[in-house]
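Visitor: Got a structure for you, questions after.
The values are calculated or read from the model by the stated rules, or taken from the named source; none is laboratory data. Everything numeric in this text was worked out from a predicted model, so none of it was measured. Ideal geometry is used to build each Cβ from the backbone, glycine not excepted, and the neighbour counts take in all protein chains shown. Just so you know, the surface numbers come from the protein's heavy atoms only, side chains and all, with ligands and any DNA or RNA stripped out. Shrake-Rupley method; radii C 1.70, N 1.55, O 1.52, S 1.80 Å.
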Amino acid sequence: MIPTSFNYTKASSLSDALSALNDDSKILAGGHSLIPALKLRLNETDTLIDISKLSELQGISMDGNDLLIGAGATHAEIASSETVKQHAPLFAMVAAQIGDIQVRNKGTIGGSIAHADPAADWPAALLACEASVEVQSSAGSRSIAASDFFIGIFTTSLQSDEIITGIRVASQAGRMCTYQKFAQPASRFALVGCAVCASGSRDGLSNVRVAFTGVSDTPYRDTSVEAAIEGKGVNQETKDAAANAIDKSIYVMSDHFASEKYRSHLAGVMLGRALEAL
Ligand SMILES: Cc1cc2nc3c(=O)[nH]c(=O)nc-3n(C[C@H](O)[C@H](O)[C@H](O)COP(=O)(O)OP(=O)(O)OC[C@H]3O[C@@H](n4cnc5c(N)ncnc54)[C@H](O)[C@@H]3O)c2cc1C
């Protein structure tokens with residue numbers, strides 16, 4: 001289909017983009033979610049503000065013990081970054097599993113989390129690593145904990161005058177982290193994705209963090225599972241305890257790809273695989 005007509009402007013700086021941003025305009029990063037939505041007329045806009053070349057949103061660096069990933073970093077850049085592999089290996093692992101190489105070369109972490117597709121991979125990583133989302137408006141900047149950022153289907157706590165500038169995550173060096181997903185075979189989006197991070201060793205896990213994407217309309221941390229396996233070793237008993245502890249109060253999606261029952265079952269399977277992979 002053809003989108004409704006719109007104007008296009010290429011921002012020359014972050015402040016330029018912020019001043020052009022209003023209720024009738026939209027930010028364009030990699031375009032891999034927004035352009036299809038415009039073409040299907042699920043979305044429309046008066047003006048697209050292209051931020052894809054803004055130097056302020058690029059780069060991957062350390063700020064003390066924190067890893068900072070620019071919102072404009074592509075999935076491919078994150079997957080191949082040695083700094084990411086050292087300080088947030090889960091992020092490199094997740095990035096490498098997104099879509100195909102064309103998607104990874106264009107799509108950005110900022111665009112993905114702003115879009116908040118319930119089947120997207122990044123939210124699980126941000127939640128399991130307790131990352132925060134750095135945002136800027138003309139009035140100033142703020143940092144939003146990942147647990148407060150994703151609030152519903154395609155919905156975040158980002159305000160309409162804010163742009164995501166980056167992701168901040170405390171170095172995970174020394175932590176065991178993994179991401180296991182059951183991918184929709186055509187798009188690679190997660191039917192269910194499970195991220196697990198833990199300190200300690202396979203004989204005794206500590207500070208366990210477990211996050212799911214694809215299961216519900218909003219990605220979430222499962223604190224029931226975390227509590228059930230804290231201090232335990234990785235063995236069949238722990239895997240059974242984890243599967244039994246999965247939060248049953250969470251709304252589970254059902255669609256033409258997977259029923260509620262199938263997704264619930266997959267959540268337990270992916271959790272077991274994640275524990276085994278630690
Ligand atoms: C074929 C295909 C397969 C895919 N497979 C997967 C997959 O397996 N897993 C997965 O997680 N994703 C997948 N995706 C989605 C992909 O990761 C997209 O790149 C991503 O969702 C959006 O990033 P983008 O940079 O393209 O954002 P855009 O499409 O440019 O923007 C998306 C939304 O975010 C807003 N936005 C963008 N950047 C910012 C910012 N810095 N601040 C505020 N708002 C911003 C835009 O206004 C828009 O509303 C797939 C996409 C395609 C087309």
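Visitor: Which residue pairs have Cβ atoms closer than 6 Å, lie 6 or more positions apart in sequence or on different chains, and pair a first residue in the range 214-233 that is closer than 17 Å to Val269 by Cβ with a second residue that is among the aromatic types (Phe, Trp, Tyr) and open to solvent by 50 Å² or more (accessible area, probe 1.4 Å)?
Guide: Ser216/Tyr251
Visitor: Another question about this same structure. Looking at the range 73-87 only, could you name the residues that are within 14 Å of the ligand (Cβ to nearest atom) and out of contact with any helix residue (DSSP H, G or I) (no Cβ under 7 Å at 6 or more places or on another chain)?
Guide: Residue satisfying the conditions is Glu77 alone.
Visitor: What residue, of Ile51, Ile113, Ile69, Ile98, is in contact (Cβ under 8 Å) with a residue 60 or more places away in the chain and open to solvent by less than 10 Å² (accessible area, probe 1.4 Å)?
Guide: Exactly one residue qualifies, and that residue is Ile69.
Visitor: Can I ask one more? So, in the range 209-219, of the ones that are within 16 Å of the ligand (Cβ to nearest atom) and open to solvent by 20 Å² or more (accessible area, probe 1.4 Å), which residue ends up farthest from Ile113 (Cα to Cα)?
Guide: Asp217
Visitor: Another question, then. Could you please give the count of residues in the range 175-208 that are crowded, with 17+ Cβ neighbours inside 10 Å and in a strand (DSSP E or B)?
Guide: The total comes to 20.
Visitor: Something else now. Using the structure shown, decide if Glu44 is open to solvent by 40 Å² or more (accessible area, probe 1.4 Å), closer than 20 Å to Met176 by Cβ and more than 10 Å from the ligand (Cβ to nearest atom).
Guide: Considered against the rule, which asks whether it is open to solvent by 40 Å² or more (accessible area, probe 1.4 Å), closer than 20 Å to Met176 by Cβ and more than 10 Å from the ligand (Cβ to nearest atom), Glu44 comes out as no.
Visitor: Give me a count of the residues in the range 209-240 that are more than 21 Å from the chain's Cα centre (by Cα) and part of a strand (DSSP E or B).
Guide: 0
Visitor: Filtering the range 246-264 down to residues that are part of a helix (DSSP H, G or I) and either within 18 Å of Ala124 (Cβ to Cβ) or touching a Gly at 6+ places or on another chain (Cβ under 7 Å) (or both), which residue is most open to solvent (accessible area, probe 1.4 Å)?
Guide: For the range 246-264, the residue satisfying everything is Ser264.
Visitor: What number of residues within the range 59-87 are assigned to a loop (DSSP other than H, G, I, E, B) and either assigned by TED's automatic domain parsing to the domain that holds Ser12 or more than 18 Å from Gly31 (Cα to Cα) (or both)?
Guide: Count: 4.
Visitor: Do we have Leu90 as surrounded by 14 or more Cβ atoms within 10 Å (Cβ to Cβ), away from the ligand (no atom under 12 Å from the Cβ) and in a helix (DSSP H, G or I) here?
Guide: Yes: the conditions hold for Leu90.
Visitor: For the range 73-81, does any single residue satisfy the condition of being touching a residue at least 24 places away in the same chain (Cβ under 8 Å), open to solvent by 10 Å² or more (accessible area, probe 1.4 Å), farther than 15 Å from Arg168 by Cα and among the hydroxyl-bearing types (Ser, Thr, Tyr)?
Guide: Yes, there is a match, as at least one residue in the range 73-81 is touching a residue at least 24 places away in the same chain (Cβ under 8 Å), open to solvent by 10 Å² or more (accessible area, probe 1.4 Å), farther than 15 Å from Arg168 by Cα and among the hydroxyl-bearing types (Ser, Thr, Tyr).
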